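Enquirer: Before we start, here is the structure in question, set down as structure tokens.
Just so it is clear, none of the values below were taken in a lab; they were calculated from the coordinates. As the structure is a prediction and not an experimental result, all values here were calculated from the model. Counting neighbours? That spans all protein chains shown, and the Cβs are built from the backbone with ideal geometry, glycine included.
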């Protein structure tokens with residue numbers, strides 16, 4: 001049986017049910033996505049962008065879907081504590097693919113700022129939802145977008161109006177919770193109007209020992225002169241498969257900083273497309289992957305310089321142990337007329353064992369002449385001389401290795417401007433290298 | 001402004017130096033491709049049965065394949081039935097002239113600066129001259145024979161050294177390798193064959209000169225180079241074609257076998273007709289080149305200067321299976337007007353402590369597209385593998401494109417692989433500095449570009465380096481505006 005069939009059948013059968021538990025803005029786009037999905041199907045490894053991840057194999061097993069939107073019987077505020085507790089954040093939960101709004105944090109957001117579910121947004125701000133939903137994630141060309149658009153019933157909507165600065169970072173904890181193998185289709189829409197500012201941290205956790213398949217499509221609009229910091233921290237388990245597509249459109253003079261940190265996972269594919277649509281934009285993308293066992297992590301990025309005078313920086317670091325597989329494909333596209341572009345891309349990788357594999361593909365595609373673009377990429381192992389130096393000074397080999405690995409990824413972590421988060425990540429990464437599981441520290445669910 | 005324009009016009013008039021065609025009696029078979037045509041080619045060349053079988057097998061496999069489209073190229077549709085697969089300019093009508101070279105042909109090669117008469121060959125280079133589908137003449141054969149070196153056209157090799165050819169033909173590039181390799185295996189015409197026996201250091205540079213002359217034909221040459229234990233050879237390849245307003249297909253295969261402690265240097269100066277300034281015509285250069293470093297401590301070095309062809313799509317590659325083997329790839333690719341290039345290399349590390357270096361310099365001007373695409377693969381057996389790649393692109397003009405697509409697949413923890421790439425235009429500071437010292441902008445550009453390509457040009461044998469340097473100048477003139 002091919003992987004697409006079960007989803008096509010499911011959609012055809014349960015269409016009314018899916019629509020019934022969703023909202024108009026989402027329902028309106030399902031048909032188009034369904035037709036596209038039927039036509040293109042899951043990409044094979046022959047498709048250049050998907051060559052490192054066999055997506056159709058991921059979707060082949062039979063997962064359950066919560067189409068009827070049955071209630072989740074836990075209150076995550078009582079039961080779960082995320083790994084980044086010391087940070088003073090406005091904490092929200094998304095349980096599976098549903099925004100948890102039964103209990104909300106007792107924080108007051110600045111006037112006009114919206115953090116809510118699509119269900120709620122459709123009632124209160126239907127024009128916003130309609131204006132922005134599905135504008136960036138093209139369902140016609142990408143099967144993951146198509147599938148997500150077909151099946152997503154709810155989502156998280158964040159809106160910051162013009163000129164508003166959200167001082168306190170938002171923290172969104174995505175929890176995967178189920179008793180049977182489950183597929184979730186998350187959808188996120190973030191809109192920052194002109195001169196708005198926001199910091200946002202997404203934490204991914206899966207707390208049940210079943211197979212999870214999570215697709216996530218995130219659309220981000222950064223208005224003129226706006227400033228966004230977006231951090232993603234994945235700490236799930238080996239049975240979690242995550243296929244996430246993020247689309248960012250930046251208007252003139254806006255700045256975004258994106259960090260993607262994968263500490264624990266099963267099979268992850270993060271695709272991030274940034275479109276620089278106005279002059280004077282700046283994009284910083286950082287990534288850090290620590291993988292072992294059979295873990296698989298792919299980061300696939302595209303920075304599309306459409307206009308002149310934009311700056312982009314990209315730095316991804318991988319540390320691979322065990323039989324893990326890492327892949328990085330970073331494409332920087334400088335279109336005709338995007339003069340004075342400055343772009344830098346770095347990908348450095350550390351393979352610690354023989355069976356670990358790394359694929360890297362830093363690409364530059366340039367159609368303008370007055371640009372400064374460079375990329376560099378390395379694959380190597382721990383420097384013997386450095387190791388020797390440390391052992392000579394009485395540091396045990398294991399400790400020395402750990403220190404060196406830690407130092408290797410530290411520049412990605414050091415790039416995070418939020419102090420508390422940075423310190424916490426230092427701690428988490430160190431713990432990760434020591435092989436300790438940290439995710440159970442404050443959580444009552446999986447005990 | 002007007003001065004600039006007049007310069008551009010001047011250069012536009014200058015165009016492609018080797019674009020003349022030779023009026024020579026050429027026997028061309030009917031256009032089209034079928035088993036009959038392959039049998040006919042094989043018959044004309046007087047080939048043994050096994051080679052015909054090889055061709056037919058390749059042809060049948062080719063029929064099952066689809067033309068690839070993954071290159072960063074806009075390829076015109078190739079009508080494989082509208083090409084003549086065999087053109088023989090040495091065949092005169094009367095029996096009388098048989099065995100002698102048509103004086104017109106001699107003149108052609110003289111004009112191209114290729115010395116076919118040995119007394120003229122002061123350069124000390126043995127040349128195999130191939131026009132269309134046939135090798136016209138191989139010089140210095142006897143002298144090389146004294147040392148046991150075999151250097152002749154591949155058709156002769158098939159007749160005279162069938163065992164050697166049988167052993168190595170298709171062993172590095174099997175016909176199943178890719179679409180154009182299958183096509184070439186089915187219809188290949190002439191090319192060079194060289195065998196350097198054990199312990200022999202080839203005393204002179206071997207060289208092949210390829211020329212497409214006849215209209216409506218393609219060239220499908222096949223080169224096979226075998227360098228036995230402890231031997232050394234330096235091999236040069238040059239190519240030109242007349243100006244035609246149609247696209248001519250050139251789908252060649254080069255196979256190189258390098259054994260223990262042997263060393264091969266392979267240099268190419270590719271100057272096929274690039275098409276006119278409107279992008280009309282030009283040669284489609286779709287070539288499979290690969291070297292297999294079979295022995296321990298063997299060495300192979302590819303050096304290429306690519307200035308011609310409407311489309312260049314090739315990746316001279318190395319399979320490093322011998323322990324301690326070393327491979328190098330040096331490339332300068334220049335594209336102007338509507339030229340397109342998607343070129344680079346593949347380094348496949350299999351043996352222990354293997355080492356590879358990639359230096360690629362792309363220069364794009366006009367409305368051209370220039371891509372570097374390269375693969376570095378380290379197999380899990382390749383302990384201690386080391387690779388360094390550096391690809392730089394230079395952009396001259398706002399309508400051209402420069403792209404880099406490096407792939408790295410690393411399956412071994414002890415490998416060290418580095419890649420770096422930069423893309424920029426000629427620095428204003430450098431130009432200003434030259435201008436300030438009285439060097440006109442055009443000359444300054446030439447100077448800077450030559451300096452930029454120096455790393456690669458330095459690797460070329462002397463006489464080629466001079467030619468390449470000149471070519472760089474010609475290809476880029478008039479691009480600054």
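Enquirer: Just grab the label-to-label distance for residue A:28 and residue A:279, each label 7 Å out from Cα along the Cβ direction, in nm (one decimal).
Expert: Distance between the two pseudo-spin positions: 3.4 nm.
Enquirer: Considering only the stretch A:3-383, what is the antiparallel percent among its DSSP beta bridges, to the nearest 5?
Expert: 5
Enquirer: Then there is this: Between residue B:215 and residue A:354, what is the spin-label point distance in nm, taking each point 7 Å from the Cα along the Cα→C-beta axis?
Expert: A separation of 6.4 nm, rounded to one decimal place.
Enquirer: Sort A:93, A:80 so that the residue with the fewest other Cβ atoms within 10 Å of its own Cβ comes first and the one with the most comes last.
Expert: The most exposed by this proxy come first: A:80, A:93.
Enquirer: Taking a ≥ b ≥ c as the square roots of the eigenvalues of the Cα gyration tensor of chain A, is the shape rounded (a/c under 1.5), prolate (a/b larger than b/c) or oblate?
Expert: Rounded, because the longest to shortest axis ratio a/c is under 1.5.
Enquirer: Still on this structure: Nearest 0.05, what FRET efficiency do residue A:423 and residue A:109 give at R0 = 35 Å with Cβ-Cβ as r?
Expert: That gives a FRET efficiency of 0.90.
Enquirer: Count the DSSP beta bridges whose two residues both fall in the protein assembly as shown, then state the antiparallel fraction as a percent rounded to the nearest 5.
Expert: Expressed as a percentage, antiparallel bridges in the protein assembly as shown total about 10.
Enquirer: Would you look at the GNM of chain A, springs on alpha carbons closer than 10 Å, and say which of A:276, A:60, A:425 moves the most?
Expert: For chain A, modelled as a Gaussian network with Cα springs under 10 Å, the answer is A:60.
Enquirer: Provide the packing ranking of B:31-37, B:292-298, i.e. peptides ordered by the mean count of other C-beta atoms within 10 Å per residue, highest first.
Expert: Descending mean neighbour count gives B:292-298, B:31-37.
Enquirer: While we're looking at this one, here's another question. Within 10 Å of each Cβ in B:385-395, how many Cβ atoms from other chains are there, averaged over the peptide?
Expert: Per residue, the average neighbour count from other chains is 2.
Enquirer: Let me ask something additional. Based on the Cβ-Cβ distance from residue A:414 to residue B:280, what FRET efficiency comes out when R0 is 56 Å, to the nearest 0.05?
Expert: Result of the calculation: an efficiency of 0.50.
Enquirer: Distance in nm between label sites at residue B:53 and residue A:344, each 7 Å beyond Cα in the beta-carbon direction?
Expert: 6.2
Enquirer: Sort the stretch A:67-205 into rounded, prolate or oblate with this rule: let a ≥ b ≥ c be the square roots of the eigenvalues of the Cα gyration tensor; rounded if a/c is under 1.5, and if a/c is not under 1.5, prolate when a/b is larger than b/c, oblate otherwise.
Expert: In terms of gyration-tensor shape, oblate.
Enquirer: Let me ask something additional. What ratio of Cα Rg to 2.2 N^0.38 Å holds for the protein assembly as shown?
Expert: 1.06
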